[in-house]
Every structure is written in C-alpha cells, then in structure tokens.
Amino acid sequence: LIESKEACTVAFSKRKKGLDEKAKEYSNLTGADVGFILFTQAGKPHSYGSPSIEKVIDKFHELKQNDSQQNHTNMSKTNAFEAFEDLRK
C-alpha cells in the first residue's frame, strides 16, 4: 500500500490510464463488451465501458436475471452495485 497521499494519487492516475488502455485493447481485439468501475480513496468514481459502462452494466444485469430465472431463483437487483457485489462474491 502506498502511504504517501500524493504518490498514491499519481499511481492511481497512471494505473487507471493503463487499465483503460488494456480494456480498450481487449474490447477491440476480441469484440467483447468490457467495463470497470474504480473508486479513489476519497470515494470519487471512475469508470470505463465499451460500448459504455451503462450498457455493460445493463447487459450484465440482464444476463444475471436470466440465469437466475433459469435456476428458479428470485433475483431483483435494484442497482449495478448489488450486481457487482454478487460478482465479487
């Protein structure tokens, strides 16, 4: 963990840019929809999505609901954060 607040901010910025580039490259090479959300230590959100983060979240949510219905499980996610929490688990 980077303890210096300034160094941490610089590292976050540089690595976020690198992650953006890798996600874009992955999407371009494979045709896959890609999205991610990052939060700074201060809680400021940053996101990337191809085609857009909203479309990626909607597609993820839709697929999770379809999968849930096939398994006869009630899944009523009210927002993307709940859906991502399930993915994290």
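The values are calculated or read from the model by the stated rules, or taken from the named source; none is laboratory data. Predicted, not measured: the structure shown is a model, and the values here were computed from it. Quick reminder, even Gly has a Cβ in these numbers, built from the backbone with ideal geometry, and neighbours come from all protein chains shown. Protein only, heavy atoms only, side chains kept; ligands, DNA and RNA dropped before computing areas. Shrake-Rupley method; radii C 1.70, N 1.55, O 1.52, S 1.80 Å.
Which shape class applies to the chain: rounded if a/c is under 1.5, otherwise prolate when a/b exceeds b/c and oblate if not, where a ≥ b ≥ c are the square roots of the Cα gyration tensor eigenvalues? It is oblate, given that a/c is not under 1.5 and a/b is not larger than b/c.
FRET efficiency for the pair ARG15 and GLN69, taken as 1/(1 + (r/R0)^6) with r the Cβ-Cβ distance and R0 = 25 Å, rounds to 0.10. Residues ASP67, ASP58, sorted by accessible area with the largest first, give ASP58, ASP67 [1.4 Å probe; ligands and nucleic acids excluded].
By the rule of a C-alpha distance below 20 Å, with chain neighbours fewer than 8 residues away ignored, the aspartates and glutamates paired with LYS55 are ASP20, GLU21, GLU25, ASP33, ASP67, GLU82, GLU85, ASP86.
The length gained on full extension between LYS5 and LYS59, counted as 0.36 nm times the residue separation minus their Cα-Cα distance, comes to 15.8 nm.
These residues, LYS22, LYS5, go from largest to smallest accessible area, 1.4 Å probe, as LYS5, LYS22. When the surface is traced with a 1.4 Å probe over the full set of protein chains, LEU29 keeps roughly 140 Å² accessible.
Relative to the current alpha-carbon distance between LYS44 and GLU85, full extension at 0.36 nm per residue lengthens the span by 12.9 nm.
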